Structure formats: structure tokens, C-alpha cells
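What follows is a set of notes on a single structure, which appears directly below.
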Amino acid sequence: MARILGVDIPRNKIMEIAIQSLYGVGPSIAKEVLVKAQIDLKKSSNDLTEEEVQRIRKFLEEDYTVEGDLRREVGLNIKRLKDLGCYRGIRHRRGLPVRGQRTSTNARTRKGPAVAIAGKKSIKQMKG
């Protein structure tokens, strides 16, 4: 099993997909890195040699911010927004959607599971 930047690359997948398991590597960066490293996009991750793994690692470290560095950078950006007390920072602090989505309905991913309010019934149920 190949290990790049502290992450195990999945087995039995073509390299174009397998390399996307790294944080910060999407389809376009995956293609670009493999072309630069002169590795076939359709090659299985099982068939990688140590030399090819080294070439991939080299190109990722030189040209892109990925894995730990990228996670740290994103975390620091969010922390900066929270410390500033700007609108986006407050939304992060409260665990609400940051980019203008509605919250009266939906937003369950950010808000967590729904909590029932005791004694609250709709007006239709009370009349009938």
C-alpha cells in the first residue's frame, strides 16, 4: 500500500481516483500531478513502484498545499474570522450556515439533529 503525505492510498483503484483521497486534491490537481510525474492515469494503485510514489510526493509537496498544511491554513482562516467577530465568524461560532442559506427549514447538517420543543403544537391540531 502506497503512503503519500501520511495518508494510505486506497488499493485496487486507478491512480486518478486513488490520489483524490488526499485532502486538497481533486480531479484537476490529480490529473495535473500524474501527468507531471509521468504516470498513467489508468494505472492501478497496486502497481505503483516506490520511485513513482516518490515522484508524486515531490510534485505535491513542491506545487500544492495539501493535507496537514491545508487543514491548518483553513482552521486558521476560520479562527481569524471568529476573532474578528465579523458576520461569517459569528455564524461559524454558532454552528450555523455561513454562506447565506436559509435556516427556518433545512440546515440540519450545520445545526445538528432537530430538538422537539415541549408543549408546542400547531394551531390546527389544537382546534381539531
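The values are calculated or read from the model by the stated rules, or taken from the named source; none is laboratory data. In this text, all values refer to a predicted model and were calculated from it rather than measured experimentally. As a convention, Cβ positions derive from the backbone with ideal geometry for all residues, glycine included, and neighbour counts pool all protein chains shown. Only protein heavy atoms, including side chains, enter the accessible area calculation; ligands, DNA and RNA are left aside. Shrake-Rupley method; radii C 1.70, N 1.55, O 1.52, S 1.80 Å.
When the residues of region 1-10 are filtered to those that are without any contact (Cβ under 8 Å) to a residue 60 or more places away in the chain and in a strand (DSSP E or B), which remaining residue is most open to solvent (accessible area, probe 1.4 Å)? Explain how you work it out, then say what you get.
Going through region 1-10, the residues without any contact (Cβ under 8 Å) to a residue 60 or more places away in the chain turn out to be 1-4, 8-10.
So of that shortlist, the ones also in a strand (DSSP E or B) come out as 3-4, 8.
Values: R3: 123, I4: 0, D8: 73 Å².
That would be R3.
Could you list all residues from region 11-36 that are part of a loop (DSSP other than H, G, I, E, B), open to solvent by less than 70 Å² (accessible area, probe 1.4 Å) and over 19 Å from Q54 (Cβ atoms)? Passing the criteria: G24, G26.
Each row is one residue, and each column tells you yes or no for (1) within 24 Å of the chain's Cα centre (by Cα); (2) aromatic (F, W, Y).
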residue	(1), (2)
Y23	yes, yes
G26	yes, no
K31	yes, no
V35	yes, no
D40	no, no
N46	no, no
E51	no, no
R57	yes, no
E61	yes, no
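Whether a residue is closer than 21 Å to P27 by Cβ and surrounded by 11 or more Cβ atoms within 10 Å (Cβ to Cβ) was assessed, and L84 does not pass this test. A search for C-beta distances below 8 Å between a residue of region 38-62 that is free of Cβ contacts under 8 Å to residues at least 40 places away in the same chain and any residue that is among the charged types (D, E, K, R) and outside any loop (DSSP other than H, G, I, E, B), counting only pairs 6+ apart in sequence or on different chains, returns Q38/R55; I39/E52; I39/R55; L41/E16; L41/K31; K42/E16; F59/K36. Contact map, region 72-86: residues that are free of Cβ contacts under 8 Å to residues at least 12 places away in the same chain paired with residues that are open to solvent by 80 Å² or more (accessible area, probe 1.4 Å), Cβ distance under 6 Å, separation 6+ or inter-chain. Pairs shown: L81/R88; K82/R93. Residues in region 90-108 that are within 18 Å of I78 (Cα to Cα) and of a type in the set (V, I, T): I90, V98. Within region 37-52, the set of residues being open to solvent by less than 30 Å² (accessible area, probe 1.4 Å), assigned to a helix (DSSP H, G or I) and in contact with a Lys or Arg (Cβ under 8 Å, 6 or more places away or on another chain) comprises S45 only.
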